[in-house]
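To keep things clear, I will list the structure first and then write my remarks on it.
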Amino acid sequence: MTNADPFMAIADPNRRHILEDLRRGEKTVNELAGQLPISRPAVSQHLKALLDSGLVDVRSEGTRRIYFIHRPGFDRMNMWLDQFWS
């Protein structure tokens, strides 16, 4: 994971939509692109930002790359937010 700010990553509405799709289950870039009004390369760029921020992870299955929610990234965000309610 890099030091990319996860809050900056979720500021983009397309990235939030991608996260909502991935919350429902693992998906490929093509599956995600089919749900958005942007190109497949644009979805790949958004996924890169989500990967860099630690909110999404990826695994390879043959020639396919399967994207999924990376729970520890969200746990870190929750810990940061929780300090305001303690």
What percentage of the solvent-accessible surface of the chain, computed with a 1.4 Å probe over protein heavy atoms, is contributed by carbon and sulfur atoms?
-> 53
Within the chain, helix-based [θ] at 222 nm, where runs of 4 or more DSSP H residues each add -39,500 (n - 2.57), nearest 500 | -15000 deg cm²/dmol
Could you work out the relative contact order of region 30-81, using alpha carbon pairs under 8 angstrom and six or more residues apart, expressed as a whole percent?
-> 22
From zero up to wherever the largest Cα-Cα distance of region 4-80 sits, split into 5 Å bins and tell me the percent of pairs in each.
-> 3, 17, 30, 27, 15, 6, 2, 0
Rounding to the nearest 20 debye, state how big the charge dipole of region 4-80 is about its Cα centre with +1 on each Lys and Arg Cβ and -1 on each Asp and Glu Cβ.
-> 120
On the full set of protein chains, 1.4 Å probe, figure out the accessible area of D75 and give it in Å² to the nearest 10.
-> 60
Average accessible surface area per residue within the chain, 1.4 Å rolling probe, Å² | 65
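The values are calculated or read from the model by the stated rules, or taken from the named source; none is laboratory data. Just so it is clear, the structure is predicted and the values come from calculations on it, not from any experiment. Note that we place each Cβ from the backbone using ideal geometry, even for glycine, and neighbour counts take in every protein chain shown. Heavy atoms of the whole protein, side chains included, go into the accessibility calculation; ligands, DNA and RNA do not. Shrake-Rupley method; radii C 1.70, N 1.55, O 1.52, S 1.80 Å.
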